[in-house]
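*Asks:* Please read through the structure below; I'll follow up with questions.
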Amino acid sequence: MAKTNAPRLDHFFSAVAARLDLWRDLARTAQAWAARPASRGDAALQAACSEALTALLPLEDFQAYPGARVLNAIKERVHGGDALGTARLVQRVSSALMSRSYRSDAGEFEPEDDASPERAMPATRTEGGARPYFEVLFVTPTPASRWAAHAQQIRKLRRPEDEFVYEPVFVGSFEDAALAVILNTNLESVVIYDGFPYESSRDVPLLKNLLSSRLSAELTDRAAGADGLTLAKLVKGFRPDLDIILLADRKPDAILADPASAGLRRVFYEVEEPLEIHFSILSGVAVRNDTPFFNNLKKYAQKPVGTFHALPVARGKSIFKSNWIRDMGEFYGANLFLAESSATSGGLDSLLEPTGNIKKAQDAAARAFGADRVFFVTNGTSTSNKMVHQALLEPGDIVIADRNCHKSHHYGMVLAGAQPYYVEAFPMVAYSMYGAVPLRNVKKALLDLKAAGRLDKVKTVTLTNCTFDGHVYDVRRVMEECLAIKPDLIFLWDEAWFGFARWSPIYRPRTAMGARAALKEAFADPAYLERYLAQEKLLGADLDPKDARVLDTRLIPDPRKAKLRVYQTNSTHKSMSSLRQGSMVLVADEDYHRHEQAFKEAVFTHASTSPNQQIIASLDVARRQMELEGYEMVMQAIQLAIEIRVAVNTHPLVSKYFRVLDVEQMVPAEFRQSGLKSYTDGGATWADAARAFREDEFILDPTRLTLMCGTAGFDGTQFKGLLASEYEIQLNKTSRNSILLQTNINNTRSDVANLLKVLVEIAKGIDERLKSGGEAARAAFAARVKSLVEDVPDLPNFSHFHDRFRDDPKGTTLEGDMRTAFYMAYDHDGCEHIKLMSPEIDKRIASGPPLVSAHFVIPYPPGFPIMVPGQVIKADTIEFMRKLDVKEIHGYDATLGLKLISPGVLDGTSEKSKKKAKPAVAVVGV
Ligand SMILES: Cc1ncc(COP(=O)(O)O)c(C=O)c1O
């Protein structure tokens, strides 16, 4: 792995937290200094303060708070030997940063301890309370000596009626602008005055390192030049939510002719009325802050509405008047009931055919997620997936699907009558789980179908990105290679867990919408066509499925033919601030018009006619939050995850029994082209990780933490139960020997501390038990660990559908008519049950007739269907099932045994089959 002088990975994510830590360090040192009676020790502590301040100052240039006046006051106090004054002021800043009180308390910007809000910098208070606060980056060629005066002019533009208040931050070069965009999470807008130089004048290692990192290489593309438009484009690529206002020194028509101008909020030519810029800044943030549906729901809740519809809880009278259920009203508060309605009028809208505020809210979500359109769904992604399958697929269409995908896909295909062509993910036998589907398997499926003359039947590819356990695809590459084989393929990326990823510049290229945007740009680039033509020369325009090179070559599609047809579903409730079941379907399909009506039908089929208003409102609000503070929150979630990884894996006692699995354990080497093994060990730098994110077939989402607990003698279910019952820690997925923890935008450092404390306690308990229990206890423990960690069952692959369900039983391709098999299970007489342990099972496997599943059989964990309707059951599946020690197996009733489709039904020899067959014979006779 190439070593660079880039920072450690955790340093990149912790750039924001590092600043707080540095302030805390300074506060501690200053307090120690202030606590000392005047003595010679003073000088050392004063020097330490000065040093801590020097470490901090370069980061402060990119932040509005505490600002130059407070920083100068601290500097003066340190250098003037005022220990008490330093300690007081530094503590105040440190606390204000922690509590974020500076966002609403203007007094915090004053250096004097008795600062009066009148003289304060940001007038954050209005009569109605605190106005939302943000910061605006001004990139300008004017000398730094003029920035303070410029800032004052900007503050003078504030008006009492402004909806928000902002503070300016000034930088004078392209590189410094890039640093500010990385480091300042309070930014909402960037005002760029053309004419600034490229290079930063700062020579601070941390900052230089950040700039030299591969990620910011994109943000600081020197070759692209240092003009305002280039900066605007790169900033938009890094943080798409930021508004950009460009004051160009080129004529506006020249600017607007440049495609890079598409992302600009406003372009001004040379000098402009400062008030106009002020309005542009405020109105840009107002657009993101607007929540059309939620706002109307709030208004609606205040209306004196008489209700004569069928929803007694609306307005809450049945609750607040009640003698018996008033506690529900007290618990939830009146607003919940005031905001309940079954109406679609009065400012509300219909989820089934939105034309008003729901439509506006969906359009805002489309903007935020980078999609063309969005459907809000109030029954979870389980429903979103079924809707997409129904809308896109006709009976008989083939879907290339990850066999481990969520059950909503399997059921969606049954409902649609589509034929799944299951592709296998790489197995992780040691942890009893699957990874993600290697691209080679998907390509092979497509090429096999092409060779069999059935490619035209293939409509969609559906994959889970990221998987439950954190495997993230190279989404762009998957789409490119598949489109090279079939240019009109539709992709359904199930990003149930990954909706938040849009708000991290590192994850975004690996999301459905991020990859779609990149491909859209690539397809329009003449150089891409050149690359394609070179490939065409080598492999031909019509790829030969028998040509081994096709599978081995990293293909690109013909950009003149390939269509971008991308769908994403995400459980907004799983990773953003939506209420349970809030989900979205994102559409970015250039042929959407072909499915528009079908989507309406799909909504009518699946959406409740009584959708929950609160879920819809929370989708609207979750979008608002991500557009305004998603960057910071996701960065923090990643950083906390890295802190947990380090804390668990390096704690002397905890790491004896537990380990958070690293990249190396979660992603086999063949899929890690970059060679990255760990996010935390072995000095992995930010540059290494960024390279892995760009090059590796699969990367591990650092926020998904598989904690090995088999090594502590617990199976996953047992450990999950222990954490929940004894320590109030909740999680949702387990495997035979691990549990899955995840950090999200909700977590704090206290959660990390609590988790570690709990693990220390449990590890201590094990240690003590082993010590006091003697040899017998140690042997029992070792045996338990061995059984959990080493004696793991092999994971069964999908075998094949029974010939009865294959269009061409003699064919070589794997797809099958699962729906017919599914409905055969409804005919009880046509099915049989055999107990799992019965020797009959082994006999049938050995010498037939084949065992054919009537049901989906899905054990939890691991949560994937080890049998689907119509699948021929093989010995490996039976062995796996016999070894399974889980209680929850959907589709399997242990008292009855496996439900199978009777051989007579399958070969048409059963009485019922014969009877059913008769009319057909009669027709032939006629
Ligand atoms: C990959 C995947 N897709 C879809 C879903 C269903 O999402 P929801 O719970 O929002 O219905 C899940 C649920 O766990 C999932 O893991």
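The values are calculated or read from the model by the stated rules, or taken from the named source; none is laboratory data. Owing to the predicted nature of the structure, the values given are computational and were not obtained by experimental measurement. Positions of Cβ are generated from backbone atoms using ideal geometry, with glycine treated the same way; all protein chains shown enter the neighbour counts. For the accessible areas, the whole protein counts, side chains as well, though only heavy atoms, and no ligand, DNA or RNA atoms are used. Shrake-Rupley method; radii C 1.70, N 1.55, O 1.52, S 1.80 Å.
*Asks:* If a residue has to be under 29 Å from VAL760 (Cα atoms) and outside any loop (DSSP other than H, G, I, E, B) to count, how many in the range 647-695 make the cut?
*Replies:* Number of matching residues: 15.
*Asks:* Tell me, yes or no, whether the range 445-464 has at least one residue that is within 18 Å of PRO862 (Cβ to Cβ), within 13 Å of the ligand (Cβ to nearest atom) and at pLDDT 95 or above.
*Replies:* Initially, the range 445-464 is screened for residues within 18 Å of PRO862 (Cβ to Cβ), giving 463-464.
Narrowing the set further to residues that are within 13 Å of the ligand (Cβ to nearest atom) leaves 463-464.
Filter again for at pLDDT 95 or above, leaving 463-464.
For the range 445-464, residues within 18 Å of PRO862 (Cβ to Cβ), within 13 Å of the ligand (Cβ to nearest atom) and at pLDDT 95 or above: present.
*Asks:* Looking at (1) of a type in the set (Ser, Thr, Tyr); (2) touching a helix residue (DSSP H, G or I) at 6+ places or on another chain (Cβ under 8 Å); (3) away from the ligand (no atom under 13 Å from the Cβ), which is the one condition that is false for TYR422?
*Replies:* (2)
*Asks:* Counting just the residues of the range 560-597 that are out of contact with any Asp or Glu (no Cβ under 9 Å at 6 or more places or on another chain) and either aromatic (Phe, Trp, Tyr) or away from the ligand (no atom under 16 Å from the Cβ) (or both), which one comes out farthest from GLY514 (Cα to Cα)?
*Replies:* GLN597
*Asks:* Can you tell me how many residues in the range 673-687 are more than 10 Å from ASP662 (Cβ to Cβ) and more than 21 Å from the chain's Cα centre (by Cα)?
*Replies:* 6
*Asks:* Let me ask you something else. Go through (1) in a helix (DSSP H, G or I); (2) crowded, with 19+ Cβ neighbours inside 10 Å for ILE244 and report which single condition fails.
*Replies:* (1)
*Asks:* Are there any pairs, at least 6 apart or on different chains, whose C-beta atoms fall under 8 Å, with the first in the range 422-435 and under 22 Å from VAL872 (Cβ atoms) and without any contact (Cβ under 8 Å) to a residue 24 or more places away in the chain and the second part of a loop (DSSP other than H, G, I, E, B) and open to solvent by less than 40 Å² (accessible area, probe 1.4 Å), and if so, which?
*Replies:* That search, which allows pairs on different chains as well, returns VAL423/ARG403; VAL423/VAL437.
*Asks:* Hey, another quick one. Residue by residue through the range 611-629, note down the ones that are open to solvent by 20 Å² or more (accessible area, probe 1.4 Å), part of a helix (DSSP H, G or I) and either touching a His at 6+ places or on another chain (Cβ under 6 Å) or closer than 17 Å to GLY333 by Cβ (or both).
*Replies:* Taking the range 611-629 and keeping what is open to solvent by 20 Å² or more (accessible area, probe 1.4 Å), we get 611-612, 614, 621, 624-625, 628-629.
Next cut, part of a helix (DSSP H, G or I) only: 614, 621, 624-625, 628-629.
Selection gives GLN614, VAL621.
*Asks:* Pairs needed: first member in the range 572-585, under 16 Å from ALA637 (Cα atoms); second member anywhere, among the β-branched types (Val, Ile, Thr) and more than 10 Å from the ligand (Cβ to nearest atom); C-beta distance under 8 Å; at least 6 residues apart or different chains.
*Replies:* The qualifying pairs are SER575/ILE745; MET576/ILE745; SER577/VAL621; SER577/ILE745.
*Asks:* Please work out if SER738 is more than 16 Å from the ligand (Cβ to nearest atom) and touching a Cys at 6+ places or on another chain (Cβ under 8 Å).
*Replies:* Values: more than 16 Å from the ligand (Cβ to nearest atom): yes; touching a Cys at 6+ places or on another chain (Cβ under 8 Å): yes.
Answer is yes for this residue.
*Asks:* Only one of these conditions is not met by LYS887: (1) within 16 Å of the ligand (Cβ to nearest atom); (2) at pLDDT below 90. Which number is it?
*Replies:* Exception for LYS887: condition (1).
*Asks:* I'd like the residue in the range 507-556 that is assigned to a loop (DSSP other than H, G, I, E, B) and in contact with an Asp or Glu (Cβ under 6 Å, 6 or more places away or on another chain) and, out of all such residues, is farthest from ALA366 (Cα to Cα). Walk me through it before giving the result.
*Replies:* Initially, the range 507-556 is screened for residues assigned to a loop (DSSP other than H, G, I, E, B), giving 507, 511, 524-525, 540-547, 553-556.
Still in the running and in contact with an Asp or Glu (Cβ under 6 Å, 6 or more places away or on another chain): 555-556.
Details: LEU555: 30, ILE556: 28 Å.
Result: LEU555.
*Asks:* May I ask you to list the residues in the range 61-86 that are open to solvent by less than 10 Å² (accessible area, probe 1.4 Å) and part of a helix (DSSP H, G or I)?
*Replies:* Listed by number, the residues that qualify are VAL70, ILE74, VAL78, GLY85, THR86.
*Asks:* Sticking with this structure for a sec: Go through the range 425-435 and report how many residues are among the hydroxyl-bearing types (Ser, Thr, Tyr) and away from the ligand (no atom under 16 Å from the Cβ). It would help to see each step written out before you state the result.
*Replies:* Quick first cut of the range 425-435, residues among the hydroxyl-bearing types (Ser, Thr, Tyr) only: 431-432, 434.
Now narrow it down to the ones that are away from the ligand (no atom under 16 Å from the Cβ): 431-432.
Qualifying residue count for the region: 2.
*Asks:* Which residue, of ILE638, ILE615, is within 14 Å of the ligand (Cβ to nearest atom) and either closer than 26 Å to ALA391 by Cα or within 15 Å of the chain's Cα centre (by Cα) (or both)? Can you show your working first?
*Replies:* Working: ILE638 fails: within 14 Å of the ligand (Cβ to nearest atom).
Residue meeting the stated conditions: ILE615.
*Asks:* Here are the criteria: (1) loosely packed, with under 14 Cβ neighbours inside 10 Å; (2) modelled with pLDDT under 95. Tell me which single one ALA314 does not satisfy.
*Replies:* (1)
*Asks:* Got a number for residues in the range 467-497 being in contact with a helix residue (DSSP H, G or I) (Cβ under 8 Å, 6 or more places away or on another chain), within 15 Å of the ligand (Cβ to nearest atom) and in a loop (DSSP other than H, G, I, E, B)?
*Replies:* Residues meeting the conditions: 5.
*Asks:* Checking the condition of a type in the set (Gly, Ala, Ser), open to solvent by less than 60 Å² (accessible area, probe 1.4 Å) and free of Cβ contacts under 8 Å to residues at least 40 places away in the same chain, which residue from ALA777, ALA763 passes? Outline the logic, then answer.
*Replies:* Details: ALA763 fails: free of Cβ contacts under 8 Å to residues at least 40 places away in the same chain.
Answer to the selection: ALA777.
*Asks:* Can I ask one more? Which one of these does PHE376 not meet: (1) more than 16 Å from the ligand (Cβ to nearest atom); (2) open to solvent by less than 20 Å² (accessible area, probe 1.4 Å); (3) of a type in the set (A, V, I, L, M, F, W, C)?
*Replies:* PHE376 satisfies every listed condition except (1).
*Asks:* Here is a further query. What tally of residues in the range 379-411 results from selecting those that are outside any helix (DSSP H, G or I), open to solvent by 10 Å² or more (accessible area, probe 1.4 Å) and within 11 Å of the ligand (Cβ to nearest atom)?
*Replies:* Kept after step one, since they are outside any helix (DSSP H, G or I), are these residues of the range 379-411: 379, 393-406.
Now restrict to residues that are open to solvent by 10 Å² or more (accessible area, probe 1.4 Å): 379, 393-397, 404, 406.
Next, from what is left, pick out any that are within 11 Å of the ligand (Cβ to nearest atom): 379, 404, 406.
Going through the range 379-411 one residue at a time, the tally reaches 3.
*Asks:* Another question about this same structure. When you go through (1) hydrophobic (A, V, I, L, M, F, W, C); (2) in a loop (DSSP other than H, G, I, E, B); (3) surrounded by fewer than 20 Cβ atoms within 10 Å (Cβ to Cβ) one by one for PHE864, which number turns out not to apply?
*Replies:* (3)
*Asks:* State yes or no: is ALA371 under 15 Å from GLU495 (Cα atoms), within 19 Å of the chain's Cα centre (by Cα) and open to solvent by 10 Å² or more (accessible area, probe 1.4 Å)?
*Replies:* Values: under 15 Å from GLU495 (Cα atoms): yes; within 19 Å of the chain's Cα centre (by Cα): yes; open to solvent by 10 Å² or more (accessible area, probe 1.4 Å): yes.
It is true that ALA371 is under 15 Å from GLU495 (Cα atoms), within 19 Å of the chain's Cα centre (by Cα) and open to solvent by 10 Å² or more (accessible area, probe 1.4 Å).
*Asks:* Can you tell me how many residues within the range 807-836 are surrounded by fewer than 12 Cβ atoms within 10 Å (Cβ to Cβ) and assigned to a loop (DSSP other than H, G, I, E, B)?
*Replies:* So the answer is 4.
*Asks:* I would also like to ask the following. Could you check PRO438 against (1) open to solvent by less than 10 Å² (accessible area, probe 1.4 Å); (2) more than 16 Å from the ligand (Cβ to nearest atom) and say which number it fails?
*Replies:* (1)
*Asks:* For the range 296-324, give me each residue that is part of a helix (DSSP H, G or I) and without any contact (Cβ under 8 Å) to a residue 40 or more places away in the chain. Lay out the reasoning, then the answer.
*Replies:* Just the residues of the range 296-324 that are part of a helix (DSSP H, G or I), to begin with: 296-302, 314-320.
Matches in the range 296-324: ALA301, GLN302, ALA314, ARG315, GLY316, LYS317, SER318, ILE319, PHE320.
Residue-by-condition table, conditions (1) closer than 26 Å to TYR860 by Cα; (2) open to solvent by 20 Å² or more (accessible area, probe 1.4 Å):
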{"residue": "VAL648", "(1), (2)": "no, no"}
{"residue": "ARG659", "(1), (2)": "yes, yes"}
{"residue": "VAL663", "(1), (2)": "yes, no"}
{"residue": "LEU676", "(1), (2)": "no, no"}
{"residue": "GLY721", "(1), (2)": "yes, yes"}
